[in-house]
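K.L.:
Before I ask anything, here is the structure I am working with.
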Amino acid sequence: MNQSQTSSQGVSPSKAKVQKIAGVKGMNDLLPVDAPAWEFLEKTVMSLAKTYGYQNIRTPILERTDVFQRGIGEVTDIVEKEMYSFEDRLNGEQLTLRPEGTAAVVRAVIEQNMLYDGPKRLFYTGPMFRHERPQRGRYRQFHQFGIEALGFVGPDIDAEIILMCQRLWDDLGITGLRLEINSLGNATERAEHRLALVKYFEGHHEQLDEDSKRRLQSNPLRILDTKNPQMQTLVENAPQLGTFLGPESLQHFEVLQSLLKANNVYFKINPRLVRGLDYYNLTVFEWITDQLGSQSTVAGGGRYDPLIEKMGGKSAPACGWAMGMERILELMKEQGLIEKEVPSCDVYWLHTGGQALIPSLIYAERLRSAGIDVIVHAASDGNSSSLKSQMKKADLSGAMYAVIIGEDELRTAEAMVKDLRSSGTQQLVPLDGLLDYVIDLMVNHSD
């Protein structure tokens, strides 16, 4: 099509509409209006972890695929259906965006020989990726906070990480969560239970859905985790692992319960609780809510003693838990613990441009050096805005005070300081005393 043909149809090549590029489904933008809630949650969980002596570890978002195949288990929904995996076109390696944090942390602990001088308490936070159907509290890119205690063998550390969860809910003000716990025993006990499960489900083969039939021989324990409502009665009547537990596993579980009771942590024993990952043994637990629809589990974890050796390290006990940060924020919104906030600062600086711009920038920098947050008005259209329109923006900014330099103030080397939030009073202040004056205002405001 030549230029004359394009013009005759009313479309100029220079004005052709460019199609907008949308984000990836289930991977959301964090907007400034939501940032304060995220920052509050991140600060709270990191402070909590340090209170218990846990140290921050950060692993790459991208790992070799076998980290998760071996760590999580190949016959799991995550590995079979949900991982974002691809081949590195430069060297042919199979790589995966991490779908959870524990396997990656264990890989780092083994590779860096971190347990050579004794047990470690670690925490992590960051984005994870699963190809799931997006819904409330469940996204394809989501964020987790997790705790890993490596090298500790007793039920006391199991109790500690559960108590951390309880303290977190208290710190955040969240109420109404239920704690469910169970014991998965050791490998021998689970093997005996597995044989009993296979025999039981084979006797009811016609009632199994396709997923359960596929898993019957490879991983029958996963059938207990089914969300199919038509199979719930069948699952309820299946052999329970608790009847196969030996004295050591039972004692571990009983001590855990006594420690939780001593600390006034209410719990319910759920004999069907297995979690969705293959690396668990002994203690497993979940924190559950009725306020987020189908996304009822907001945090969970347990003991995973076999995992370090399974991934190539020297055998060592370990346990941990993780929570979905989006779900916690949704729950906080549901309970009215998050208020919509406007972007805030301490001072909004108004000026008339020209000669007033230089002292505005100089004194704003001095205020920032003193720890005061300052927004200096900047024109959006290349022209100086009137002080009246700037004052409207100052009100919307959430600032506590406005500092104004106009032509009159410029001549007298002063600035007008106005209280935007309480009294509405204003005061002319010499520029050479402005810093001390505003600092005194901020100190008195905080008091």
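The values are calculated or read from the model by the stated rules, or taken from the named source; none is laboratory data. Just so we're clear, the structure is a prediction, and the values are computed from it rather than from any experiment. All Cβ positions, even for glycine, are placed from backbone atoms using ideal geometry, and neighbour counts span all protein chains on display.
K.L.:
Looking at the stretch 107-124, can you tell me whether even one residue there is aromatic (Phe, Trp, Tyr), out of contact with any Phe, Trp or Tyr (no Cβ under 6 Å at 6 or more places or on another chain) and modelled with pLDDT under 95?
P.N.:
yes
K.L.:
Now, a different point. On the basis of being modelled with pLDDT under 90, at negative phi and surrounded by fewer than 16 Cβ atoms within 10 Å (Cβ to Cβ), does residue 251 make the cut?
P.N.:
The answer is no for residue 251.
Quick grid of which residues meet (1) in contact with a Pro (Cβ under 7 Å, 6 or more places away or on another chain); (2) among the hydrophobic types (A, V, I, L, M, F, W, C); (3) closer than 29 Å to residue 33 by Cα; (4) without any contact (Cβ under 8 Å) to a residue 12 or more places away in the chain:
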| residue | (1), (2), (3), (4) |
| --- | --- |
| 356 | no, yes, no, no |
| 379 | no, yes, yes, no |
| 390 | no, no, yes, no |
| 413 | yes, yes, no, no |
| 418 | no, no, yes, no |
| 436 | no, no, no, yes |
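K.L.:
OK, next. Let me spell it out: the conditions are (1) crowded, with 18+ Cβ neighbours inside 10 Å; (2) out of contact with any helix residue (DSSP H, G or I) (no Cβ under 9 Å at 6 or more places or on another chain); (3) not in a helix (DSSP H, G or I), and residue 126 meets all of them except one. Which number is the exception?
P.N.:
Exception for residue 126: condition (1).
K.L.:
Of all residues being over 22 Å from residue 337 (Cβ atoms) and surrounded by fewer than 15 Cβ atoms within 10 Å (Cβ to Cβ) in the stretch 36-61, which is farthest from the chain's Cα centre (by Cα)? Just the residue, please.
P.N.:
Filtering the stretch 36-61 for residues that are over 22 Å from residue 337 (Cβ atoms) and surrounded by fewer than 15 Cβ atoms within 10 Å (Cβ to Cβ), the one farthest from the chain's Cα centre (by Cα) comes out as 53.
K.L.:
Considering only residues that are in a helix (DSSP H, G or I) and in contact (Cβ under 8 Å) with a residue 40 or more places away in the chain, which ones fall in the stretch 189-232?
P.N.:
Selection gives 189, 190, 192, 193, 196, 197, 215, 218, 221, 222, 224, 225.
K.L.:
All but one of (1) under 24 Å from residue 328 (Cβ atoms); (2) among the charged types (D, E, K, R); (3) at pLDDT 90 or above hold for residue 275, so report the exception by its number.
P.N.:
Going through (1) under 24 Å from residue 328 (Cβ atoms); (2) among the charged types (D, E, K, R); (3) at pLDDT 90 or above one by one, residue 275 breaks only (3).
K.L.:
Confirm whether residue 371 is in contact with a Ser or Thr (Cβ under 7 Å, 6 or more places away or on another chain) and within 30 Å of residue 173 (Cα to Cα).
P.N.:
no
K.L.:
For residue 260, only one of the following conditions fails: (1) part of a helix (DSSP H, G or I); (2) surrounded by fewer than 17 Cβ atoms within 10 Å (Cβ to Cβ); (3) at pLDDT 90 or above. What is its number?
P.N.:
The number of the failed condition is (2).
K.L.:
Got a sec? Which of 379, 364, 316, 322 is in a loop (DSSP other than H, G, I, E, B), surrounded by fewer than 21 Cβ atoms within 10 Å (Cβ to Cβ), among the small types (Gly, Ala, Ser) and modelled with pLDDT of 90 or more?
P.N.:
The match here is 316.
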